[in-house]
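Just below is one structure, and these are the notes that go with it.
The values are calculated or read from the model by the stated rules, or taken from the named source; none is laboratory data. Just so it is clear, the model here is predicted, and its values are computed rather than measured. Backbone-built Cβ (ideal geometry, glycine too); neighbour counts: all protein chains shown. The accessibility values were calculated without ligands, DNA or RNA, using every heavy atom of the protein model including side chains. Shrake-Rupley method; radii C 1.70, N 1.55, O 1.52, S 1.80 Å.
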Amino acid sequence: MVRPMELTPSDLIYAIFVREDGKKFEIPSMKGQQYLSLDDAVQVCRKTVDSGIPAVMVYGVLKEKDADGSCALRRDGFHARVFKTLKKEMGEDLVLISNLCLCDHTVDEICVYSENGKVLNEKTAEMLGKIAVVHAEAGADVIAPAGMVDGQVRHIRSALDKEGFEDVPVMTYVKINSLLFQPFFETMTLSKEEVPKRAQDPSKFRTDVINQKMFMRKVDLDVSEGADIVIVKPALTNLDLILRVKEAYPTIPIAAYQVSGEYAMIKLLGQHAHLDENTFLMETLNSIKRAGADTIISYHALQAASILSK
Ligand SMILES: [Zn+2]
């Protein structure tokens, strides 16, 4: 009678991995989740809409990358084709969020350009702005830059505005360093091997887990540059930071990302600790919503929506 909130499927965002080579198989580091071909992605998006989930975060896994990531600017490139197809099939029924990062397009799979060990923020952010325009033109409704580059929101906002995409919001990632990202890194590499490993450690592009000032400075910067939505990730280990952003910016929507390691943790508890996976999943999602998240990105989104509909 006095429950202050109710979690619903409309609070959730599902994350999908679409492969250019069209191969469909279970993601080795995230058992229970599948790589999708573009055709499969359409089916999964239909299922997502039918589940009452309003949006998907789209990851494109390329067949080939290049040295500077300029393949990302091709209007007929894979990401553009994914957004074109999904927008054509789903129309206004599903919000398409583009996960935007240089590492998805460059052979070295590093999120930034650098020179002599120095990160080139402006050059990277400018490139992200150009890629954002390609994705928006193709049908992406929201741009989510993942590289944590200073200036990325400013460059993307101005590039989108210049090309007439003023209504495409920027949903910026503010990441806290965590081992919970590890299963994800294995999903996005060029999978020549069975279980590919990303060689580079991108931890220097994330904020320190015990330094909330560093985290808030990054939030301040991205909001001041025009971020429309802030993503906090991982979710479960940073509930206090979700609340902190909520208090500092009551009018900015917050997305919490229940990351790959959280997904695996919930699955493993179900398998190894005789706990009910579904009950624990709902406990985590409710905690994240209680902390102040307006939306939750989760690999468990379809499963959670099915539990909620019972
Ligand atoms: Zn990246």
### Message
If amide hydrogens are placed 1.01 Å from N in the peptide plane, which non-local residues have theirs closer than 5 Å to the one on VAL107?
### Response
ASP66, ALA67, GLY69
### Message
Quick check: with the 1.4 Å probe, what order do ASP240, ASP208, ASP40 take by accessible area, largest first?
### Response
ASP240, ASP208, ASP40
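What's the magnitude of the charge dipole for segment 1-100 around its Cα centre, counting Lys and Arg as +1 and Asp and Glu as -1 at the beta-carbon? Answer in Debye, nearest 20.
Computed about the Cα centre, the dipole is about 120 debye.
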### Query
When only alpha-carbon atoms count, how far does the chain stretch along each of its three principal axes, as whole angstroms with the largest first?
54, 43, 38
### Task
Excluding residues fewer than 8 places away in the same chain, name every one of the aspartates and glutamates whose C-alpha is closer than 12 Å to that of LYS24.
ASP39, ASP40
### Task
With an 8 Å cut-off on Cα pairs and a minimum separation of 6 or more residues, tell me the relative contact order of the chain in percent.
18
### Query
For the cross-link pairs LYS31/LYS87; LYS130/LYS162; LYS47/LYS87; LYS65/LYS175, which exceed 20 Å when the distance is taken from alpha carbon to alpha carbon?
LYS31/LYS87; LYS65/LYS175
#### Entry: Cut-off under 5 Å, modelled amide H: who pairs with VAL259 long-range
ALA235, LEU236
### Query
When only C-alpha pairs under 8 Å and at least 6 residues apart count, what is the relative contact order of segment 243-310, in percent?
44
### Query
Tell me, how many Å apart are the Cα centres for segment 144-173 and for segment 88-105?
14
### Query
In square nanometres, what is one fourth of the surface area of the convex hull spanned by the alpha carbons of segment 25-131?
7.9
### Message
Counting only helical runs of four or more DSSP H residues, what would the 222 nm mean residue ellipticity of the chain come to if each run contributes -39,500 (n - 2.57) and the total is spread over all its residues?
### Response
-12000 deg cm²/dmol
### Message
If DNA, RNA and ligands are ignored and the probe is 1.4 Å, what is the ranking of ARG74, ARG19, ARG244, ARG217 by accessible area, most exposed first?
### Response
ARG217, ARG74, ARG244, ARG19
### Task
For segment 214-310, please report how many Lys pairs fall under 25 Å Cα to Cα, leaving out neighbours fewer than 8 apart on the same chain.
10
### Query
How much accessible area per residue does the chain have, in Å², with a 1.4 Å probe?
45
### Task
Treat every Asp and Glu Cβ in the chain as -1 and every Lys and Arg Cβ as +1, leave all other atoms uncharged, and give the resulting dipole magnitude about the Cα centre to the nearest 20 debye.
340
### Summary
With all protein chains present, the chain has a carbon and sulfur share of its accessible area (1.4 Å probe) in percent of 52
